[in-house]
Amino acid sequence: MIGSAAEIALQIGSGVRSAASVLAATQSLIQARNPALNCFTATTFERAQREAAAIDELRSKGRPLPPLAGVPYAVKNLFDVEGMTTLAGAKINAANAPAIADATIVARMSRAGAVLLGALNMEELAYGFLTENHHYGTTRNPRDPERGAGGSSGGSAAAVGAGMLPITLGSDTSGSIRVPASLCGVFGLKPTYGRLSRGGTYPFVNSLDHVGPFANDVLGLALAYDAMQGPDPRDPACAQRAIEPTVAALALTGGIRIGILGGWFNEWADPAARRAVQSAAAALGATQWTELKSAEVARAAAYVITAAEGGALHRPRLRTQYEEFGPSSRARLAAGSLIPASWVVQAQRVRRHAYREALDLFGRFDLLIAAAAPAVAPRIGQETLLINGRSIPTKAGLGVLTQPISCIGLPVCTVPVWPGEGDTAAERALPVGVQLIGAPWREDLCLAAARTLEQAGIAQIRLR
């Protein structure tokens, strides 16, 4: 593993390593490990060399270094990178003109000293939980290449899980950070809706899209998140809130009221996922169970909103370039474009009801805990999941525990837990993510609880 973001920045700042040497080591890891996993769709090594050289020059002149000085990272290929065509996992975008500027949070990562290594594979148009991309190939799980990495930010999670990078960026509409973080065994943060700018990112569902980081430890998540915060006129949904740093808040211990989500979140978690939740709850001293009673209808509302907005966005090209979309994406987008407006209106009503119910829960709790995926990573091509005696389609079922939370825009830190359960030795060696769900704008509490679990040895990244 290349090291954590904080370790790399400290070593470069102290002169133990240069940014150029870190870059060289990272390039070697990518060249050695990526062919088996298919995480990258493009690399930006020349840009990375310029950025690393700039950091080394700053240090040679004795100037202060930014917080992520020399830290390598990469981005899901729906983020604009200057000079590169933004694919969003779709062949139909390959002929588009290259981006003329970086996405806002890519620019902010650069200003924080991070070094960009490339663009990462994803589900086509961010519509799916598997990263079995019809055009650019399947991204494989670094824990077991015969299993899926999750999606839609599968390349982002797998690159961290394989030890190629300490930080990557992804997006989350219905679970696209949390599901791959769970399956690949890495840390992921989906901030509050509107917290981080989506300026310069390829849209999917405007009213549900979030962006956020993956990392190999909690401090890396917090460092990246803090670097990317702030208002941005490029994204009308971006909140006009001042930067609220979280790194200092990671030391917070005790005094956090935590509720364990039962009901829907227990029914659709298999024994391994339930064990992961129980381990996290015990380490945090959480004993009280509660329910988000509207979870099922919130998930249904998320489905309707996702399908309708996604279908409307792509309707013009579906009419003229239908065959250029992947088979799975085009069918769902076409169906979504036909959803009646009255359904969407009702779905938004359900969404508001679920949000109010969640706020009531946060009158009694500071955080809520639930599994991030219903089971460990499925095998590539596996069509169904068996959850507590009930069979559900894999493609839809992987988001069963994340979609209710996406629908209402709450911040979530997903941490990798290793429950050691399953029917086979291979399954017992796989992780399940646990969602630490906060009230709006309380990413600090999500990250503090994650840090507590990390320090207790309950949540950790493990490399093969």
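The values are calculated or read from the model by the stated rules, or taken from the named source; none is laboratory data. Fair warning: this is a prediction, and the values are worked out from it, not measured in the lab. Note that each Cβ is placed from the backbone with ideal geometry, even for glycine, and that neighbours are counted across all protein chains shown. Only protein heavy atoms, including side chains, enter the accessible area calculation; ligands, DNA and RNA are left aside. Shrake-Rupley method; radii C 1.70, N 1.55, O 1.52, S 1.80 Å.
Condition first: out of contact with any helix residue (DSSP H, G or I) (no Cβ under 9 Å at 6 or more places or on another chain), within 27 Å of Ala286 (Cβ to Cβ), in contact (Cβ under 8 Å) with a residue 24 or more places away in the chain and in a loop (DSSP other than H, G, I, E, B). Can you find one or more residues in segment 416-434 that meet it? Before the answer, list the steps.
In the first step, residues of segment 416-434 are kept if they are out of contact with any helix residue (DSSP H, G or I) (no Cβ under 9 Å at 6 or more places or on another chain); the result is 423-426, 429.
Still in the list and also within 27 Å of Ala286 (Cβ to Cβ): 429.
Of the ones still in play, those that are also in contact (Cβ under 8 Å) with a residue 24 or more places away in the chain are 429.
Subsequent filtering for residues that are in a loop (DSSP other than H, G, I, E, B) retains 429.
Scanning segment 416-434 turns up at least one residue that is out of contact with any helix residue (DSSP H, G or I) (no Cβ under 9 Å at 6 or more places or on another chain), within 27 Å of Ala286 (Cβ to Cβ), in contact (Cβ under 8 Å) with a residue 24 or more places away in the chain and in a loop (DSSP other than H, G, I, E, B).
Going through Asp270, Asp226, Asp232 one at a time, which residue ends up being among the charged types (D, E, K, R), in contact with a strand residue (DSSP E or B) (Cβ under 7 Å, 6 or more places away or on another chain) and at pLDDT 95 or above? So that I can check it myself, show each step before the final result.
Values: Asp226 fails: in contact with a strand residue (DSSP E or B) (Cβ under 7 Å, 6 or more places away or on another chain); Asp232 fails: in contact with a strand residue (DSSP E or B) (Cβ under 7 Å, 6 or more places away or on another chain).
Unique residue meeting the criteria: Asp270.
Could you check segment 359-396 and list, in sequence order, the residues that are in contact with a strand residue (DSSP E or B) (Cβ under 8 Å, 6 or more places away or on another chain), farther than 30 Å from Pro145 by Cβ and not aromatic (Phe, Trp, Tyr)?
Answer for segment 359-396, where residues must be in contact with a strand residue (DSSP E or B) (Cβ under 8 Å, 6 or more places away or on another chain), farther than 30 Å from Pro145 by Cβ and not aromatic (Phe, Trp, Tyr): Leu361, Arg364, Asp366, Leu367, Leu368, Ile369.
Which residue out of Leu410, Leu398, Leu385 is over 17 Å from the mean Cα position of the chain (by Cα), at pLDDT 95 or above and of a type outside the set (Asp, Glu)? Can you show your working first?
On the way: Leu410 fails: over 17 Å from the mean Cα position of the chain (by Cα); Leu398 fails: over 17 Å from the mean Cα position of the chain (by Cα).
After ruling out the rest, the residue left standing is Leu385.
Before we move on, is Ala53 in contact with a helix residue (DSSP H, G or I) (Cβ under 7 Å, 6 or more places away or on another chain), at positive phi and either β-branched (Val, Ile, Thr) or modelled with pLDDT of 95 or more (or both)?
On the way: in contact with a helix residue (DSSP H, G or I) (Cβ under 7 Å, 6 or more places away or on another chain): yes; at positive phi: no; either β-branched (Val, Ile, Thr) or modelled with pLDDT of 95 or more (or both): yes.
Judged against the criteria, Ala53 is not a match.
Take Arg319 and tell me if it is in a helix (DSSP H, G or I) and surrounded by 16 or more Cβ atoms within 10 Å (Cβ to Cβ).
no
All but one of (1) open to solvent by 10 Å² or more (accessible area, probe 1.4 Å); (2) out of contact with any helix residue (DSSP H, G or I) (no Cβ under 8 Å at 6 or more places or on another chain); (3) within 27 Å of Arg352 (Cα to Cα); (4) part of a helix (DSSP H, G or I) hold for Cys446; state the number of the condition that does not hold.
(1)
Just to verify a result, which residue in segment 241-283, among those that are hydroxyl-bearing (Ser, Thr, Tyr) and open to solvent by 10 Å² or more (accessible area, probe 1.4 Å), is nearest to Phe362 (Cα to Cα)? Let's see the steps before the verdict.
First, pick out the residues of segment 241-283 that are hydroxyl-bearing (Ser, Thr, Tyr): 246, 253, 279.
Right, trim to open to solvent by 10 Å² or more (accessible area, probe 1.4 Å) and you get 253, 279.
On the way: Thr253: 19, Ser279: 22 Å.
Once the filter is applied, the top-ranked residue is Thr253.
Among the listed residues Gly363, Gly389, Gly433, Gly457, identify the single one that is small (Gly, Ala, Ser) and closer than 24 Å to Glu244 by Cα. Write out each step before concluding.
Values: Gly389 fails: closer than 24 Å to Glu244 by Cα; Gly433 fails: closer than 24 Å to Glu244 by Cα; Gly457 fails: closer than 24 Å to Glu244 by Cα.
Exactly one of Gly363, Gly389, Gly433, Gly457 is small (Gly, Ala, Ser) and closer than 24 Å to Glu244 by Cα, namely Gly363.
Kindly indicate whether Leu436 is modelled with pLDDT of 95 or more and either open to solvent by 10 Å² or more (accessible area, probe 1.4 Å) or at negative phi (or both). Quick ask: steps written out before the conclusion?
Details: modelled with pLDDT of 95 or more: yes; either open to solvent by 10 Å² or more (accessible area, probe 1.4 Å) or at negative phi (or both): yes.
Taking the combined requirement at face value, the residue satisfies it.
Would you mention how many residues in segment 55-94 are over 30 Å from Thr131 (Cα atoms), small (Gly, Ala, Ser) and in contact (Cβ under 8 Å) with a residue 24 or more places away in the chain?
Keep residues of segment 55-94 that are over 30 Å from Thr131 (Cα atoms), which gives 55-67, 69.
From what is left, the residues that are small (Gly, Ala, Ser) are 60, 62, 69.
Then drop every residue that is not in contact (Cβ under 8 Å) with a residue 24 or more places away in the chain, which leaves 69.
The qualifying residues number 1.
Answer yes or no: is there a residue in segment 350-367 that is touching a residue at least 12 places away in the same chain (Cβ under 8 Å), in contact with a Phe, Trp or Tyr (Cβ under 7 Å, 6 or more places away or on another chain), open to solvent by less than 10 Å² (accessible area, probe 1.4 Å) and not in a loop (DSSP other than H, G, I, E, B). Give the steps one after another, and end with the answer.
Keep residues of segment 350-367 that are touching a residue at least 12 places away in the same chain (Cβ under 8 Å), which gives 350-351, 353-355, 357-359, 361-362, 364-367.
Those still in the list that are in contact with a Phe, Trp or Tyr (Cβ under 7 Å, 6 or more places away or on another chain) too: none.
No: segment 350-367 contains no residue that is touching a residue at least 12 places away in the same chain (Cβ under 8 Å), in contact with a Phe, Trp or Tyr (Cβ under 7 Å, 6 or more places away or on another chain), open to solvent by less than 10 Å² (accessible area, probe 1.4 Å) and not in a loop (DSSP other than H, G, I, E, B).
Looking at this structure, is Thr138 open to solvent by 10 Å² or more (accessible area, probe 1.4 Å), touching a residue at least 60 places away in the same chain (Cβ under 8 Å) and β-branched (Val, Ile, Thr)? It would help to see each step written out before you state the result.
Working: open to solvent by 10 Å² or more (accessible area, probe 1.4 Å): yes; touching a residue at least 60 places away in the same chain (Cβ under 8 Å): yes; β-branched (Val, Ile, Thr): yes.
So Thr138 fits the description; yes.
Restricted to segment 52-78, and to residues that are part of a helix (DSSP H, G or I) and among the small types (Gly, Ala, Ser), which residue is nearest to Leu117 (Cα to Cα)? Give the derivation first.
Residues of segment 52-78 that are part of a helix (DSSP H, G or I), as a first pass: 52-60.
Filter once more, so that each one left must be among the small types (Gly, Ala, Ser): 52-54, 60.
Numbers: Ala52: 11, Ala53: 14, Ala54: 15, Ser60: 23 Å.
Within segment 52-78, the match that is nearest to Leu117 (Cα to Cα) is Ala52.
Which residue, of Gly151, Gly212, is modelled with pLDDT of 95 or more, open to solvent by less than 10 Å² (accessible area, probe 1.4 Å), within 21 Å of Ile408 (Cα to Cα) and touching a Lys or Arg at 6+ places or on another chain (Cβ under 6 Å)?
Values: Gly151 fails: touching a Lys or Arg at 6+ places or on another chain (Cβ under 6 Å).
Residue meeting the stated conditions: Gly212.
Failed condition for Ala32, given (1) buried (at least 16 other Cβ atoms within 10 Å of the Cβ); (2) at pLDDT 95 or above, with all others met?
So Ala32 meets the others, but not (1).
What are the residues in segment 380-414 that are of a type in the set (Ser, Thr, Tyr), in a strand (DSSP E or B) and over 22 Å from Ile258 (Cβ atoms), if any?
Quick first cut of segment 380-414, residues of a type in the set (Ser, Thr, Tyr) only: 384, 391, 394, 402, 406, 414.
Checking which are in a strand (DSSP E or B) leaves us with 384, 391, 414.
Passing the criteria: Thr384, Ser391.
What is the residue count in segment 233-290 for residues that are without any contact (Cβ under 8 Å) to a residue 24 or more places away in the chain and assigned to a helix (DSSP H, G or I)?
Number satisfying all stated conditions: 4.
Conditions tested, residue by residue: (1) in contact with a helix residue (DSSP H, G or I) (Cβ under 7 Å, 6 or more places away or on another chain); (2) open to solvent by 60 Å² or more (accessible area, probe 1.4 Å); (3) among the aliphatic types (A, V, I, L, M).
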{"position": "Gln288", "(1), (2), (3)": "no, yes, no"}
{"position": "Ser294", "(1), (2), (3)": "yes, no, no"}
{"position": "Thr306", "(1), (2), (3)": "no, no, no"}
{"position": "Glu323", "(1), (2), (3)": "no, yes, no"}
{"position": "Arg330", "(1), (2), (3)": "yes, no, no"}
{"position": "Gly336", "(1), (2), (3)": "yes, no, no"}
